[in-house]
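Just below is one structure, and these are the notes that go with it.
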Amino acid sequence: MPHTPGGFSDPGSCHRVALAVHDCDGAVEQWRRVFGAGLMVDALHDDLDGSDMGIVWMGDVPFLALAASSPDSVVGRWLAKHGPGVQSLAWEVPDMWAAQNHLQHAGIGITGVHIEGRHFFMHPRDTYGLMLELTDDRLPNDPRNGGSPDGGGDGLVQVSGVAHVTGVVVDLEPVSALLGAVFGADPRPVPGDGPEVVADFDIGDLTLRLVAPLDPSSAWHEVVADGRGTLHSVALAVDLDAAPAGLARAGLRIAHDAGESLWLDPADSFGVRLQLVDAATRP
């Protein structure tokens, strides 16, 4: 696939990071109380895919809590198969019809098309398991468009922004070619001494970090043991020195202290894998 500046979708802002949870209201309340998120959209129901949603402003991008209104809904089936976690990422693009034509010409299927506030997913079989979405919709109360979320900025562990969203893939090379063609994103290697290759891709105002384990000794290997990539976790930029005290007050446990970051216990964050990194070291 050819790689042009901006890719053929010419992505703008990250529309939202979608997190699938069993308890939409509980997740939104935690994000507001603990992480200081401002409310953008409260208690929204989508009959088309059977979802209950709430949207908050998490530092510098929207977070979407996505829960199922019934077990046999699209979201209910997704949760039954994958469990809670990062469900998808979406970006705003200027011309959906042109993006669709380019995708189809490149042999990339689309699915989940909505006409009103148009958006669609690139089919995960063609994106190596990653759920990536394009849209021409704009969310209400988005500060990037002059809006103002309700509240925020007073969290026990205040989030200043999303450092990156981590995905795990089997092979970095074909995914890198895909992201270059669609989004115009070049890989920035992330140094490390583990048995995996890691690279960051800046797409709009969101960084997607991809990890490709090189052999079974990698701690990431079991994530892609079925041969399929997936979105894995979200890294939030915070005051890392002050974070443990705030987490203790909030009743959120630290599952792993990696020195340069803290991994929270997913049992305390509605099944979502959250990593806390130092805002002072964020590029």
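The values are calculated or read from the model by the stated rules, or taken from the named source; none is laboratory data. Model, not experiment: these values are computed from the prediction. Every residue, glycine among them, receives a Cβ derived from its backbone with ideal geometry; neighbour counts consider all protein chains shown. Areas reflect the complete protein model, heavy atoms only, side chains present, ligands, DNA and RNA absent. Shrake-Rupley method; radii C 1.70, N 1.55, O 1.52, S 1.80 Å.
Could you tell me the calculated FRET efficiency between ASP95 and ASP226, based on Cβ-Cβ distance and R0 = 51 angstrom, to the nearest 0.05? Spell out each step's value before the answer.
On the way: r = 35 Å, r/R0 = 0.69.
Step by step, r from the Cβ atoms, then E = 0.90.
What's the magnitude of the charge dipole for region 148-217 around its Cα centre, counting Lys and Arg as +1 and Asp and Glu as -1 at the beta-carbon? Answer in Debye, nearest 20.
Magnitude of the dipole: close to 40 debye.
Of the residues MET131, MET58, MET96, which exhibits the maximal mean-square fluctuation in a Gaussian network model of the chain defined by a 10 Å Cα contact cut-off?
MET96
Taking every Cα atom in region 1-92, find the radius of gyration and the maximum pairwise distance Dmax, and write them in Å.
When restricted to Cα atoms, region 1-92 yields Rg and Dmax of 14.7, 45 Å.
Nearest 20 debye, what's the magnitude of the dipole of the chain about its Cα centre given +1 on Lys and Arg Cβ and -1 on Asp and Glu Cβ?
120
Of the candidates ALA99, ALA65, ALA37, which one comes out as most mobile in a Gaussian network treatment of the chain with C-alpha springs shorter than 10 Å?
In the Gaussian network model the winner is ALA99.
Among DSSP beta bridges lying fully in region 1-106, give the percent that are antiparallel, nearest 5.
Percentage antiparallel, nearest 5: 85.
Give me a comma-separated list of calculated 3J(HN,Hα) values for region 51-67, in order, Karplus coefficients 6.51, -1.76, 1.60 applied at θ = phi - 60°, integers in Hz, x for any Gly or Pro.
For region 51-67, the Karplus-derived couplings read 10, 10, 9, x, 10, 10, 9, 9, x, 8, 9, x, 10, 10, 8, 10, 10 Hz, x marking Gly and Pro.
Skipping prolines and chain starts, which residues have an amide H placed within reach, meaning under 5 Å, of the one on ALA255, given they are 5 or more residues away or on another chain?
For ALA255, the qualifying residues are TRP263, LEU264, ASP265.
Skipping prolines and chain starts, which residues have an amide H placed within reach, meaning under 5 Å, of the one on HIS232, given they are 5 or more residues away or on another chain?
When sequence neighbours closer than 5 places are left aside, the close amide H contacts are THR166, GLY167, VAL168.
With volume of the Cα convex hull per residue in Å³ defined as stated, name the option among (1) 146; (2) 180; (3) 126 computed from the structure displayed.
Label of the calculated value: (3).
With every protein chain present, what is the per residue accessible area of the chain (1.4 Å probe, Å²)?
Accessible area per residue, the chain: 44 Å².
Measure off 7 Å from each Cα along the Cα-to-Cβ vector at ALA267 and ASP72, then give the distance between these two points in nanometres to one decimal.
Roughly 3.4 nm, to one decimal.
For ASP136 paired with HIS45, estimate the spin-label separation in nm (one decimal), with each label point 7 Å from Cα along the Cα-to-Cβ line.
Using points 7 Å along Cα→Cβ, the separation is 3.0 nm.
Most mobile of GLU260, GLU29, GLU196 per a Gaussian network model of the chain (Cα springs, under 10 Å)?
Top of the fluctuation ranking is GLU260.
Any chance you could list the semi-axes, whole Å, largest first, of the equivalent ellipsoid that the Cα gyration tensor gives for region 168-283, using √(5λ)?
Ellipsoid semi-axes (Å, largest first): 27, 17, 13.
Could you go through region 148-156 in sequence order and give the Karplus-derived ³J(HN,Hα) for each residue, using 6.51 cos²θ - 1.76 cosθ + 1.60 with θ = phi - 60°, rounded to whole Hz, and x for Gly and Pro?
3J(HN,Hα) across region 148-156, in whole Hz: 9, x, 7, x, x, x, 10, x, 5.
Taking the Cα centre as origin and putting +1 on Lys and Arg beta-carbons and -1 on Asp and Glu beta-carbons, what dipole magnitude results for region 194-249, to the nearest 20 debye?
Here region 194-249 has a charge dipole of around 160 debye.
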